[in-house]
Every structure is written in structure tokens, then in C-alpha cells.
Amino acid sequence: MRLQRTLKERFGFDSFRLGQEAVIRDVLGKQSQIAILPTGSGKSLCFQLPAYLMEGTVLIISPLVALMEDQVATLKQQGEKRVVALNSSYSYHERERILSTLHHYKFIFISPEMLTVSKVAHKIQQIKIAFVVVDEAHCISQWGFDFRPDYLRISEFLKTLHNPSILALTATANQKVIEDITRYLNLHDPTLHIYSLDRPNLSYVINKMESEDDKTNWLINRLEKSTGPGIIYVASRKRADELAQVLKSKGESVTSYHAGMEHEDRAFVQAQFLNGDVEWICSTNAFGMGIHKDDVRQVIHEHIPATIANYVQEVGRAGRDGKLSATTLIYTEEDIRKTQFIIHEDSPKEEEIRYFGRLRTEGKSILEAAQLVGLSETGMRMLHYYFERFSIDETIDQIKKQSAEKEAALKQMIGLVEEKNCIRERILYFFGENLEVNPEICCGNCQPNHTGMLNLAKREQSNRKWSDWSERLTQLLG
Amino acid sequence: MDFSILLCSLFNHLGGEKTPYAGFHLLRGKRSGQMMQDVAYYGVHPFFGILPKLSKAHFDAAIKELEHKRLITIDEHSILHLTEEGKRLVQFARTSHFDGWNYRGREEIFFARLSLIVQTLSHFKEGVKQFMPVQREPEVQQFVKVFLRNYPIHDPTFSAQLKKELYEALEDSQVTDEQKGVFTHRLVGYQSTGWTWGQLGEQLAVSPLNVKLSYIESLHMLLNTIIGVERYPLLNRIAYQIKVENHLNDSTRRTKILFDQGCSLEEIAMIRQLKASTIEDHIVEIALDNKQFPFEKFVEIEDCLAVQKKSEVLETKRLRLLKESFPQLSYFQLRLILSVPSKGVNSE
């Protein structure tokens, strides 16, 4: 009853969505758990609600600054003022001020990197922690492009907190990821809450094409015939800009989005998409996390994501409102090689690791050594982490193992794109699930050439247009 | 504002004596002693720090393009020279109104504050109290929170007052209508989303970087229009501490305090536990920043005049060349002499 009342009063909902209540009960019972809930199922509520029924502060460890800021902004919108994100965007004084009043906050969002700052860790140890949330917990086992060694250090920090209960949240996890999360967070016999990741309102189509031009032409045709709102995922920033340009020249409402853009511009694009000013976003994988748009009708990949987990995460942004939505992946033979190149781009090679080791023993700083070797930012982080723990030979071994894992993950993804039978079934199988019932419109292999998921009516054009400056000023301020 | 014209105009000031990198660091606002000296010697204050985030790749590409268009050449010592064509381009270009020296990227903070204030008022005007703030910098949010606390933000006449100030300041500032368009479309409000640099570039058929440049120029012009002018009380408060008041860095400032107390260079070096050459760098910087600097403490007035004359005749500010003519003077003395304000090179 208490749960229902809080749900209504704080969040304005009448009932829980699938899985939420069970997870919340375990949080209240101080039971550590791994909760796997599909994208769009209201994961945040699982820690927001019990926070109000428990004493102390909830510490949320979150991998992405953008995601963190978004969650803070959302909580503030809900009227919660006792919320803060501890990340590197604060000035020294501001951070000092926050740290000295830390006990005052109900929700503290923090990046794994920040936890390794001893002053910050020390302050957190002094306040009462209700429980700890590890958001997007699959990052722990994702060694991919965004290697985050500090994620692996979380357990070292948790030990100093007198074993609070832990809630690891993610939308994508298979057996291996679950094992990694359990091991790296040092969880003892965690409760598993696993809900089917199947999204019956999404259709999956995967098409192989002959050339880049074919893909572009296919996209031009698709956008002409069907409507968004939609996201087109591409492999690089450059391609995002180029493709947006091409589609725009065909009269489509498209804009590009990637991490090379200024923060303000990215905020503009997000707002335009939410507001319906722009119908299509042409983006790298930077777009999506923390974007709450329920009526995304299409997600199109025009490249091959590095892992099935990434792919599922990205297509999962379609149809959060439960209405029929189409996801399509188009690729060429060449794309397989491209992705292969990208996943190994950041991994230092054996001779580079040895050279790095020599430079370090000569007393060069990590940054200097990395520059001399010519390592990427990610490569430097990797070696920094490993060198603290392993010998050079062990490091080489580790990194080889990692490359092999990435390679294996990509193989699974390639297996998926080449699947001749049901794609949905294959995805679920990857996550250790069996498909019970195929929805009426399932995938490109179950119903070839089915367009039932596509809205073929032309969408109304947005009326956003350039105004005279004084007119614009009047629009803004009256 | 066109980036290639901007570069040509900058290198025109640098008189064929500097490498492309000097220009790169200047645009990014690098604060080294050498840079401070160059800024003063060559009178390039307006360009200093107008693109703090300019990437090396972008800059290099732009330089390549200028070479390709034969507007510049780079000699075997990596020194950049304008061609006749390049000089003509500068001659016929519209004069720019940057004031980099006094703002150094801080104009963006002013705009961020203003944009969050406008976004807030625009939503409140429609009775909407919850929205995703377009500015996420905690310091900007904090500033706006404190700022708005003092005003009746629910009162529509308040947003009308801000609008009036903005309208008049934009008119007064002499920025072009296109610049006014860019400025107002970077602002956001209730159901009015912002335009990215790319979208603005398409609309105006120029490159995104050129849009950004003309936006920065317009901010400098706007700030110079409002700061200290009574007609714009709200904008003045929003521009609080935006103009750089103190052009010296901390270490140099500490040296200045000792110098002003009458310490000799040797004493300062000893007290501060720094090398004599570092203190000399500081002194040159202090001299550059102060028209009333007591040069006579270090150089004879006759030497000063002679060096200045020679510099004019040789058309150079290069120390090595001047040193050949004045072997009796130290490099430190030469640098000081060159920092004596001669003719109107100062931005103020």
C-alpha cells in the first residue's frame, strides 16, 4: 500500500510497470540484485521510489555524463531539489561547496572516474548511504570502444562503504555479462530480476546491399515513402554529416548529431527532435541515451554495430509508446570489415605495449609515454589500468584476450545479420531467452517484404522557419 | 565574417615574421610570455582568443586552402607571408570589430546566461514552469538562479523590459541584420528551438565556422555597447565580470606587487625562488599591460628612440635583427623597448 501511495503521490502513476515492484521490494529489503529490464520500461523509478521510503542518500554510479545530467534534470523537473551530479564539469570551488554539504542530497549521481578521487570517496564514506545503484551495468563487461577501467574499480570503493546493498541496472545482459557484473561488483548471490527483452511491437528487417550507393538510394527511397520520427545510425561523424546533407537535399527533414558537435548544438538537436521540428536524426551511437521520445517510429542502421547488445540497445529506442515501429539494418560486405577495423582501432599492439613499458621504467609520465607511443585516449586508459596491476607480459595477454572477446562479439553480430531464420528468435536466444509466440508482424525473414510496420502516409512538415530577428525576439519574449 | 579573410588580416598584422602556429595559438588565446609580447608588438589584440576551441586540424586545413588559393606563402623557415593577392584581399575586406583581448571567450558565458534567462522567461510567460534547461553548466545555472531571484519573473512587463533592452542594444551595436538573425536564433524559448551552426550555415549559405565567427564578433560588439551604459541595466548585470579586467596571470601579478613595492629584479627572483629570466618575462608582460610603466628604470630614453626608429626602418619587430644593430643592449632591454606603446596599436 505504501508503495502504491508513493507511486501515485510522487510520480503520478496508478500502477507499476512490469518488474518495477519486485525490484523495489528487494531494494527495500536490502537485497543486492541485478535487474534486467528492457529499454523504456522505467528503470529509473526502481531506485527513485524506494529512495523516498528509506533513510540516507542513494548513490548512483553512472557511465555517461550526458545520461547523468539528463537524470538530474528529470528529477529536478519532478520537483526534487536534493539532487546533484558529481562530475568534472564543476569548478574547484563549486565542487568544494557541494562536497561540504553532501549529506544534504537525496540522490548523488557520480561517474566511476570521480569515485577514484580520494577526497570525493572519503566524503561519501562519511554520509549515510541508503543503497548504491550501478546504472547501465553492462558497461562493466563491455570492453569495447569505450574502455572504462574505473568501472572495474567500483568494487574497491564499495568495500569501503560497509557493504551497502547494490542495485545493478541494465537493459541488455546475457549470461556472460551477468557473470561479469557479479564478479566485478563483488556481489554475493545477488537476486536476478530478468524480464523478457522481447519487444513485440518492433519489427526487425536486415538487408544486405551491394554498395554504399545502394544503401544511400535505399535510404532516400525509404524516407520518401515512409515517415519518422526516426533515427538513422551510421558508423562515423563524417558519414552522419554527409548523409544528412544528401537526405536534406531531397527535401527531407533531417539533421545530424554526433559527439564532435558543441554541447549547445547537441541540446538544440535533441530539443528539435522532441519538439517535432525535425523528423529524422542522422547520428553516430552518441545519440539516444537519455532521450525520452516515446513515438520514435523507425530506427535504421546503415552500418553494423559492434555487438548485439549495442544493436538491441539502439533499436530499443523505437516504439517506447508500445505502438508498432520498424527497425531496419542495411549493410554491405565492406561494412563487416569497417566494423572490424573500428573495434581494434584503440587496442595497443604488442610492440606498442612493450615500448610503453620501457618509457615508463625510464620515468616518463603516463601521458608522455602514451604520446610517444601514439596511443589513443582509450588505449592510454587501458594501459594505465593494466600496468598498475599486471606485468607487461600479462598486460599483453589481457589485451589479446580482450581483442578476441571483441572479435567474438562482432562474430555474433555478423551471425545475426546473416541469419536466415527468425531474427527475433535469434536476438532473444542471444540473451538466453526462448521466443514463445511470434507477433503477427515479426521480422524480414518471417514475413519478407511486409510493410505493415511502416507508416506510409506522408507526415506533415514542421512549420519551423527562419524569422526576421525582431520577430524572433517577439516570439521569445513577447 | 570569413575565416580566410580573418586569417589573412591577422597575418597581415604579423608582418611576415611569424609561423602559422603563432596565429593558431593567438586565436586560441594562449597565455605565454612570448604571446603577450607578440600581441603587443604587432597590435593584434582584437584577434586574441576569439576561437578558444579551434582545432589544429581545422586550422591547418584553412591554411592549406589559403596556400592553394595563393593568398599566402610559407617560406623555408616556416614563416608565413601574404602574397600581393592576399594583401589586396585584406585591403578590400570589411573591417572586423572583434575585441578578443578584452573578452577571451568569456562572451560565451554572457550568452549562456542570457540564453537561460530568455528560455526561463519565455516558458514562464506561457505558464510553463518545467522545461529542459538549454544550459547545463552549473555555474551558469547558479548565476541565473541568483539573478532571477531579484526580479518579478512572472510579470510579463519584466520580459518585455529585457526584450526592449536587447532590441535597442542590438540596434545600437551596429551589427548587421544577419548577425542579429544568428544571435536571436541561437536563443531558445517556449516551442522555439535553437538553430545549430550547421543549420544556420545552410540558411545563410555560408560555412558553419563563418557563422560562428560573425556571432562572436556580434557578441563583442554587443558587449562593448552595453557595458557601463545606464540604458541597459539588465544586460549590464548579465554581463557582470565578463570583460577581462586583469590581463596578467597570477604569477606575474605576484611579481608586479613586489616590483611596485620597489624590489629590484634580483630581489624579486630571490624572494619568489624563480629564475631571473622568468622575472624578466613578467616585467615585460607588466610593461605591455601598463602605459605608465617606468621604462627609464631599465633603458635610456636615447636607446629607446634609436631602437624604435630602427625597427621602423627595418620594418621588423624581430629581436635578433635588432640585436645586430644594438649589441650593447640586452635582449631584455630590447623587449622592453618594443613594448613601449608607439603609435595606435593598442586596442583601447
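For the reader, a short list of remarks on this structure follows.
- Amide H to amide H distances under 5 Å link A:I206 with A:L329, A:G444, where only residues 5 or more positions off or on other chains count and H is placed in the peptide plane.
- In degrees, nearest ten, helix B:208-226 long axis to first principal axis of chain B (Cα): 90
- Pairwise centroid distance, computed over Cα atoms, of region B:86-122 with region A:255-324, Å: 32
- For the residues of B:194-207, the average number of beta carbons from a partner chain within 10 Å of their own beta carbon is 4.
- Look at the dipole of the protein assembly as shown built from charges on Cβ: of A:Y385, A:T170, A:F356, the Cα furthest out on the positive end belongs to A:T170.
- When each of the peptides A:329-335, A:225-231 is scored by how many other beta carbons lie within 10 Å of its residues on average, the order from highest to lowest is A:225-231, A:329-335.
- Rounded FRET efficiency, nearest 0.05, which uses the C-beta distance separating A:E242 from B:D75 and R0 of 41 Å: 0.65
- Surface share of carbon and sulfur [accessible, 1.4 angstrom probe, percent] for region A:2-194: 49
- Listing of region A:56-94 residues, each with accessible area lower by at least 50 Å² in the full protein assembly than in the chain alone (probe 1.4 Å): A:Q77
- Within the straight-line cut-off of under 18 Å between alpha carbons, the lysines reachable from A:K215 are A:K225, A:K238, A:K248, A:K250, A:K338, sequence neighbours fewer than 8 places apart in one chain being disregarded.
- Gyration tensor (alpha-carbon) shape descriptor, region B:107-238, a/c threshold 1.5: oblate
- Taking all protein chains together and a 1.4 Å probe, the residues B:S251, A:S203 rank B:S251, A:S203 from largest to smallest accessible area.
- Here the dipole of region B:107-238 is about 520 debye; that uses its Cα centre as origin and unit charges on the Cβ of Lys and Arg (positive) and Asp and Glu (negative).
- When the C-alpha to C-alpha distance is required to be over 21 Å, the pairs from A:K323/A:K420; B:K125/B:K164; B:K18/B:K310; A:K128/A:K176; B:K87/B:K309 that qualify are A:K323/A:K420; A:K128/A:K176; B:K87/B:K309.
- Loss of accessible area when A meets B, both sides summed, Å² nearest 100, probe 1.4 Å: 3800
- Cα-based Kirkwood hydrodynamic radius, region B:250-338, one decimal, Å: 13.8
- Most positive-pole-ward Cα, B:Y41, A:L67, B:I337, against dipole of the protein assembly as shown from beta carbon charges: A:L67
- With 50 Å² as the minimum drop in accessible area between chain alone and full protein complex (1.4 Å probe), the qualifying residues in region B:165-189 are B:Y167, B:T184, B:H185, B:R186.
- Centre-to-centre, using Cα atoms only, region A:15-62 and region A:166-198 are separated by 14 Å.
- Accessible carbon and sulfur surface of region B:3-96 relative to its total accessible area, %, 1.4 Å: 53
- In region B:1-97, the GluC sites (Glu not before Pro) that fall in loop regions by DSSP, at most 16 other Cβ within 10 Å: B:E76
- Number of partner chain Cβ atoms within 10 Å, mean per residue of B:136-142: 5
- Helix B:301-314 axis, angle to chain B major axis (alpha carbon atoms, nearest 10°): 80
- Simple point charges give the picture: +1 on the Cβ of Lys and Arg, -1 on the Cβ of Asp and Glu, and for chain A a dipole about the Cα centre of about 1280 debye.
- Carbon plus sulfur fraction of accessible area for region B:107-238, probe 1.4 Å, in percent: 50
- Accessible area, probe 1.4 Å, largest first, for residues A:K364, B:K180: A:K364, B:K180
- Alpha carbon centroid spacing (whole Å) that separates region B:193-257 from region B:292-318: 35
- Charges were assigned to the Cβ only: +1 to each Lys and Arg, -1 to each Asp and Glu. The resulting dipole of region B:250-338 about its Cα centre is roughly 260 debye.
- Where Cα atoms sit under 19 Å apart: lysine pairs in region A:1-126 separated by 8 or more or lying on different chains: 9
- Shielding score for B:53-62, defined as the mean number of other chain Cβ atoms within 10 Å: 0
- Anisotropy class assigned to region B:3-96 is rounded, per the alpha carbon gyration tensor with a/c under the 1.5 cut-off.
- Anisotropy class assigned to chain A is rounded, per the alpha carbon gyration tensor with a/c under the 1.5 cut-off.
- Beta bridges by DSSP in the protein assembly as shown, antiparallel share as percent, to the nearest 5: 10
- With the alpha-carbon atoms of the protein assembly as shown aligned to their principal axes, the span from lowest to highest coordinate is 97, 62, 59 Å, starting with the largest.
- Between the residues B:V134, B:Y215, B:G194, the greatest Cα displacement towards the positive end of the dipole of region B:107-238, with unit charges on the Cβ of Lys, Arg, Asp and Glu, is found for B:V134.
- Helical segments meeting 24 Å axial Cα length and Kyte-Doolittle -1.0 threshold in chain A (DSSP H): A:392-417
- Relative to the longest principal axis of the Cα atoms of chain B, the long axis of helix B:156-172 makes an angle of roughly 40 degrees.
- Rounded accessible area of B:C263 (nearest 10 Å², 1.4 Å probe): 30
- Helix-derived mean residue ellipticity, 222 nm - over chain A, DSSP H n ≥ 4, -39500 (n - 2.57), to 500: -13000 deg cm²/dmol
- Per residue, the accessible area of region A:2-194 comes to 41 Å², computed with a 1.4 Å probe over protein heavy atoms only.
The values are calculated or read from the model by the stated rules, or taken from the named source; none is laboratory data. Keep in mind the model is a prediction, meaning the values are calculated, not measured. Using ideal geometry, Cβ is built from the backbone for each residue, glycine included, and neighbour counts are taken over all protein chains shown. Side chains are part of the model used for accessible areas, which takes the heavy atoms of the whole protein and leaves out ligands, DNA and RNA. Shrake-Rupley method; radii C 1.70, N 1.55, O 1.52, S 1.80 Å.
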